[in-house]
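Let me begin by presenting the structure, written as structure tokens, before commenting on it.
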Amino acid sequence: MLVPLKWLKEYVEIDVPVEQLAHSLTMTGTKVEGITKQGEGISNVVVGKICEIHPHPNADKLVVCHVDVGDRKLQIVTGAPNVKEGQLVPVALDGATLPGGHKIKATTLRGVESYGMLCSGQELGLTDEDYPGAEVDGILILQEEYPLGMDIREALGLDDQVLEFEITSNRPDCLSVVGIAREASVALNSPFEPPHIEVKPGVGDVNAEAKVLVQDPDLCPRYCARVVKDVKVGPSPLWMQRRLASAGVRPINNIVDITNYVMLEMGQPMHAFDLDKVAGRTIVVRRARDGEKLVTLDDKERVLNGDMLVIADIEKPIGLAGVMGGANTEITDGTKNILLESALFDRGIVRKTSKALGIRSEASLRFEKGLDIHNAMAALDRAAQLIQELGAGTVVEGVIDVCHGSLENRVLEISWKRVNGLLGINLSADEMADVLRRLEFKVEVKGEYMRIEVPSFRQDIEGVADIAEEVARIYGYNNIPMTLMEGTVTRGRKTGRQKLMDRVKEVLVGTGLYEVVTYSFTSPRVYESIGITDPQLIPKTVKILNPLGEDQSIMRTTLIPSLLEVLSRNRNRGMERCQIFEIGPAFLPKSLPLEDLPEEKPLLTIAEYGPDIDYYDLKGKIEVLLDEFGLLAEAEFVPHVHPTFHPGRTALLKLNGRETGLLGEVHPKVAQNYQLEERILVAELELDVLLNSAKEERKYRPLPKYPAVERDLALVVKKEVLSAQVERCIRELGGQLLEKVELFDVYEGAQIPEGYKSLAYSLSYRASDRTLTDEEINALHDSIVKGLEERLGARLR
Amino acid sequence: MKAELEQIRREAEQVLACVSNLQDLSNFRVEYLGKKGKLTQVLRGMGTLPLEERPKIGQLANEIRAYLEEEIEKRKKVLEEEALSQRLRDEVIDVTMPGRRHYRGKLHPLNIVLNEIKDIFLGMGFEIAEGPEVEWDYYNFEALNIPKNHPARDTQDTFYITENILLRTHTSPTQIRVMERQKPPIKIIVPGRVYRSDAVDATHSPIFHQVEGLVIDKNITMCDLKGVLDVFAKEMFGPQTKTQFRPHHFPFTEPSAEMDVSCTTCGGKGCRVCSYTGWIEILGAGMVHPKVLQYGGIDPEQYSGFAFGMGLDRITNLKYGIDDIRLLFENDIRFLEQF
């Protein structure tokens, strides 16, 4: 909402600087977003009269003007094609500044001295809306008489300041100059004077000129109308055009401008119909019929339905109630008789209509927030008054007023102690009543209660909390003391799960991974990008009805594509190493179409590349994580095939037999889809399986008292035999006395037969109660070798 | 024989003075005191001496041995000291050369800041609650006093999944979920991801993060709201931070407020960051609307409370001086490693 300061000052006395006004309004709840000073940057530009024009001796396209600027005459050279003797024009004097910081100096143009510059509208930063003709090619020609030498800002009305307000949806009354003036008067504690509305007696009888039928009274609680005859459609006076333009509304013609002016002034949207085009001279307020069509004022054809309210005549719709008028009854230069509408429409239906058709007008923005039923009549009279004052037509005597709504004000019984209790302050009943009365509430204090009559323009006030806010904002939020809660002591703590989650991140960060945060919606095509082409394997997804684009239209079921994108981006930017993880939910629909909320299953996804990064690096990181939660012994890594991954370098992680996730090298084709040429390692784990299995209890085991004995074991086995199999075998055969088994070398090549590999283990034996003898160890070690031979066909190397 | 021994002592003294390293010292010991050493050789000849001289010579020989042992030890210490000094001189390295790199990752800046926020509120007795990102319209709007066709829905352009299911536009639905399952006193914060149908630019992202707060108990007042949030601001942005509360409107709180903190860049003098106002808006808050308490199954006659909500992304950007929200979601390692 834009409000020119001069306009505001018509209704409220303001004798403080505009910045202080803005601060007072902001701190009482009417937030000022900005202040624009019109004509800022213009100085030393005055009104001048072109007395004589001579050709330039040295240039065809230039002329030499003699300009009277009041106290002297100046010689100024210009190239503008539209100057004529006798015109009044803006003259930038020697030393003048124009918007954008341009400085004007006396100079010599092609040998002729020029003591200033004649200005175009654009050079003064003006558009046609600020001043008619400002956008013409050439000098701005002033259309009215002004004293010569007058500051151009004063002449053009550019000396005002415009306040921009952020009006919250509960305060439609403040979408008006009068409403803001009312707030300003309370904020500054200075007198408020709303416009004095008086309509002079009209001619004839309105009931003989037009009829209004409201067929859906619940959707139109009040419809007020007046008729004006013999209108003279033309431009409105400059002062009105300027005010509208300053408030951000384009001037159109006197009739439309008056309706807009009243809307800005009083907050009540109005509409004018060309009455001669209203069939049967009858206004019908009704629901639209399904499929009915209307061309609105913006020249777009709208297809309507029964959830929309229209203004119609006896044949056809002529406007969308509270949203926009129809082109078929638009005010034109030829309009003779008009019907002025000032009505109250149901908030819900206006909003539905405007949403469904995608039209957000100044009118609909106000109606959907709830307007004052009394203001409809006042605004209609105000418009009639302006028509009379501007001589724009002859107002017909009388008003049509179809009112089904209640004109009674809401009455509340509020305990003033409760208001104090909510705010934590201690105002007396009288102090509180005084604040409310300044806001035009009628208050009677009756013991513990206040009987409060709410003014009709405050539809938002419904109960004690609303009253508390009114009291608080005028009392001053910053005068309310600060305390910390008394009462029951609560324990601030994280849940066990939250603590585990923190530790997961801590461990991952410790292994060199950076945490990333990526979008949780994605493209349905990501499955193809990660190699999942079989429709059977593509998961069911949660789809967004109104996505920003196809690429962000489904909720993700895996984080892998998002992380590959991050790797890709970093690779493209020349990073030789990128190691990342993210924890976030997969959105898994329980059924489609969605009838219940989807499952949000938290995933932990790791992705990395770098000079020393391979499968075993990734697996090592996951082992560190498993170890942190006491799960290393329960973990089983099973070779696995999945279309996203390299078929020979991928494992399924099982914890106590439960599938927990996948880890492995990304399939080269998938990597290629992300413009990645290096080996990419990815793991995706179901975090809940991990957290639910976590073993939190730790018990001390005494440190060994007796020495360990180490023996190496180099085996040759078939290539297909997995090291996990060998290790399991060794452990089974070694029993209690075998303390540790570590693979320290893997070898294939010379001296090893084709199809075989050599695995070298370091075995460590120890007993807790004695020093083992060589004989014992030899026997055990030999039995392990023998067992491996029998079970896995292993040979000693 | 005595003369022989004295001769050995003198000779040994001279030789020992010239021994310049530990190896030579060890050789010296063998040469004089070893099994075939000079002293031992001499003593072998003891058998030829008359019986009464033997103790004297033996004593002298032992004296010389003890003397030489002692001298050797002294010399050894000196030489060891010298050798160590030499080694230390030889082992000088350029300590300014770069260290061997150990890779440690980092948390995302959003979560670094979130952890700080959590710590502040945990310290004030809050718990951390969570709620779903795909949410019922009922929890996201209806139960927060934003019925269908309410204009406040405009300010939160919503992604819908079905007519009744949506991507939550704020963390506030968790307020209702917590009220439904927990009796007062309630003191929670709710961090989480939220969604609004905004086109991406330097200050907007369709996905961002909020931290919600809710306190409900008997006799909770607006003073408590101000007190708690002032403590938060001072903990978060430093003890010199000032707060200011302005009236505002949210459908789910009444009275409602916005809180500004004194500009974190200029301290309140006015600069580009605070648009020369000295203040930066960081959160919305208010007393929980009685209708919202009722929706949560809590009697507004008995209980009152306050709620607040802040943008985590915005606070993170403020804290680190990040000027473009998109950086948070790009995850450039050169960005992530700075925090």
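The values are calculated or read from the model by the stated rules, or taken from the named source; none is laboratory data. All values reported here derive from a predicted model rather than from experimental measurement. Heads up, the Cβs are rebuilt from the backbone with ideal geometry, glycines too, and the neighbour counts pull from every protein chain shown. Surface areas here come from the heavy atoms of the whole protein model, side chains and all, with no ligands, DNA or RNA. Shrake-Rupley method; radii C 1.70, N 1.55, O 1.52, S 1.80 Å.
Laid out as a table, the results:
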read-out: For segment A:658-765: rounded, prolate or oblate by the Cα gyration tensor [a/c cutoff 1.5]; value: oblate
read-out: The protein assembly as shown: calculated mean residue ellipticity at 222 nm from DSSP helix runs of at least 4, using -39500 (n - 2.57); value: -9500 deg cm²/dmol
read-out: Segment B:246-319 versus segment A:355-397: alpha-carbon centroid distance in Å; value: 36
read-out: For chain A: rounded, prolate or oblate by the Cα gyration tensor [a/c cutoff 1.5]; value: prolate
read-out: With DNA, RNA and ligands ignored, accessible area of A:Glu431 (1.4 Å probe; Å², nearest 10); value: 100
read-out: For segment A:43-155: relative contact order, % (alpha-carbon pairs under 8 angstrom, 6 or more apart); value: 30
read-out: Span from the segment A:80-122 Cα centroid across to the segment A:441-484 one, whole angstrom; value: 58
read-out: Rounded to the nearest 20 debye, dipole of chain A from Cβ charges on Lys, Arg, Asp, Glu; value: 1520
read-out: Relative packing of A:475-488, B:159-172, which averages over residues the other C-beta atoms within 10 Å, highest first; value: B:159-172, A:475-488
read-out: Chain A, relative contact order in percent, only Cα pairs under 8 angstrom and at least six apart counted; value: 8
read-out: Per-residue average of Cβ from other chains inside 10 Å of B:248-255; value: 6
read-out: Long-range lysine pairs (8 or more apart or interchain), segment A:352-481, Cα under 19 Å; value: 4
read-out: Prolate/oblate/rounded call for segment A:206-403, Cα gyration tensor, a/c under 1.5 rounded; value: rounded
read-out: log₁₀ of I(q)/I(0) at q = 0.07, 0.11 Å⁻¹ - chain B, Debye sum with one point per alpha carbon; value: -0.48, -0.80
read-out: Nearest-20 debye value, segment B:2-90 charge dipole, Cβ charges on Lys, Arg, Asp, Glu; value: 260
read-out: Mean-position separation - Cα centroids, segment B:144-212 and segment A:540-574, in angstrom; value: 22
read-out: For segment A:43-155, size of Cβ-based charge dipole, Lys and Arg +1, Asp and Glu -1, in debye; value: 520
read-out: Rounded tilt (10° steps) of A:373-390 against the dominant C-alpha axis of chain A; value: 50
read-out: Filter on A:Lys6/A:Lys232; B:Lys38/B:Lys76; A:Lys499/A:Lys699 - keep pairs with C-alpha separation over 23 Å; value: A:Lys6/A:Lys232
read-out: Farthest toward positive dipole pole in segment A:1-85 [+1 Lys/Arg, -1 Asp/Glu at C-beta], among A:Ile76, A:Val46, A:Leu8; value: A:Ile76
read-out: Degrees between helix A:429-438 axis and first principal axis of chain A (Cα, 0 to 90, nearest 10); value: 60
read-out: Positive-end residue of A:Thr495, A:Ala468, A:Thr483, charge dipole of segment A:457-505 with Cβ unit charges; value: A:Thr495
read-out: Packing rank of B:128-134, A:730-736, A:57-63, where each peptide gets the mean count of other beta carbons within 10 Å, highest leading; value: B:128-134, A:730-736, A:57-63
read-out: Karplus-derived HN-Hα couplings along segment A:726-742 (A = 6.51, B = -1.76, C = 1.60, θ = phi - 60°), whole Hz, x at Gly and Pro; value: 4, 5, 4, 4, 4, 5, 4, 6, x, x, 4, 7, 7, 8, 8, 10, 10
read-out: Antiparallel content of DSSP bridges confined to the protein assembly as shown, in %, to 5; value: 95
read-out: In Hz, Karplus ³J(HN,Hα) per residue of segment A:601-613 (6.51, -1.76, 1.60; θ = phi - 60°; x = Gly, Pro); value: 9, x, 10, 10, 10, 10, 9, 7, 9, x, x, 10, 9
read-out: Straight-distance crosslink candidates among aspartates and glutamates, where the alpha carbon sits under 12 Å from B:Lys187 and sequence neighbours closer than 8 are dropped; value: B:Glu127, B:Glu212, B:Asp217
read-out: Between helix A:18-27 and chain A: long-axis angle, C-alpha atoms, 0 to 90°, nearest 10; value: 50
read-out: Partner chain coverage, peptide A:595-602 - average Cβ within 10 angstrom; value: 3
read-out: Average other protein chain Cβ within 10 Å of Cβ, residues A:419-427; value: 4
read-out: Packing rank of A:249-262, A:43-56, where each peptide gets the mean count of other beta carbons within 10 Å, highest leading; value: A:249-262, A:43-56
